[in-house]
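Input: a single structure, listed below in structure tokens.
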């Protein structure tokens, strides 16, 4: 941020004006309003649910004004005090209250605009999964731990009662041996590295010719979409080790240890999603239902300059509401697929589509599966006739 550089130019302009207007009564007024000239081109938005503008950044200081999430503040100055970053700000209340606020409570306008552009990229992408924070984590502009891409620190306090967020994409990043296990250090600080690593286990597995595992080779980063009620910044990337996927309770028990569910979308009608209740204040309970699910094995699939697939399996778990039981409506063999998963249509006329690699030409193609019901109202899936072309070849 170039606040201090801008202040130098503003003060220089004021001094030049003083030399021209020396002796005039307006000079005192100019000096009294120097602080109001500084920072008008830099604003910040409150990201904390509530925060205090204080009279000082010292330990003992008065609370001047409580500000709430989404409010805009003018940035006048900044400082670091006892390893805490502070901004001097002006509020837009009736008194134009000026004081100090912890930097972790606001996001600067430039970073906010970058987050909005990130969200715009996925505007038409449906949620692929939902997640929840295991612990506080930096929300970043890109899936990498570098100092200049931190938007702000996201924690369960800012998410309000551990609320979920949507996951629109993810990326597998080769794991660095010296990478920290968590991503919550503030800008400019380096998280200590734990001395004990899994290198010995990995080397032992290689000696025994065991297949490489994803968890040893890669870190996953999730691209998330945040509701405006919990964050003015609508999108960013979170370090995967600090994200816990929140899969629907009625299908989580069908997940296999060697093939994890990574994306899911419901195939039922919207009207059938929740149990009916006469109490409007009661928390809605999601009914058991029918789901299309993408899964991923824990084995490394990339060879040479190839990249990893987002998923390698497709299945549909349907629900028979008369027997009140789930059943397997479809299960693909091994495939090589990338996001997004899309469900289209309404009522009994639905389909879903994914991007799969055609083994005949190596190209990614959009593949559509038709969802139908048989005479007993049981769900059936019609895959494309050429589905054999998309069977993973081990490449």
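The values are calculated or read from the model by the stated rules, or taken from the named source; none is laboratory data. Small disclaimer: the values here were computed from a predicted structure and weren't measured. Neighbour counts are summed over all protein chains in view; Cβ atoms, including those assigned to glycine, are modelled from backbone coordinates with ideal geometry.
Some values worked out for this structure:
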quantity: Criterion: in a loop (DSSP other than H, G, I, E, B) and surrounded by 13 or more Cβ atoms within 10 Å (Cβ to Cβ) - qualifying residue of 340, 309; calculated: 309
quantity: Close pairs (8 angstrom Cβ cut-off, 6 or more residues apart or separate chains): touching a residue at least 60 places away in the same chain (Cβ under 8 Å) in segment 106-119, surrounded by 21 or more Cβ atoms within 10 Å (Cβ to Cβ) and part of a helix (DSSP H, G or I) anywhere; calculated: 107/115
quantity: Residue 289 part of a loop (DSSP other than H, G, I, E, B) and within 23 Å of residue 249 (Cβ to Cβ); calculated: yes
quantity: Any hit, segment 81-89, residues being over 26 Å from residue 182 (Cα atoms) and out of contact with any helix residue (DSSP H, G or I) (no Cβ under 6 Å at 6 or more places or on another chain); calculated: yes
quantity: Any strands (runs of 3 or more DSSP E) falling wholly within segment 93-147 and containing at least 3 residues that are closer than 19 Å to residue 219 by Cα; calculated: 129-133, 137-140
quantity: Members of segment 364-383 that are in a loop (DSSP other than H, G, I, E, B) and at pLDDT 95 or above; calculated: 383
quantity: Output for segment 49-77, where each listed residue is under 29 Å from the mean Cα position of the chain (by Cα) and under 14 Å from residue 98 (Cβ atoms); calculated: 52, 53, 67, 73, 74, 75
quantity: Residue in segment 118-125 that is touching a helix residue (DSSP H, G or I) at 6+ places or on another chain (Cβ under 9 Å) and modelled with pLDDT of 95 or more present; calculated: no
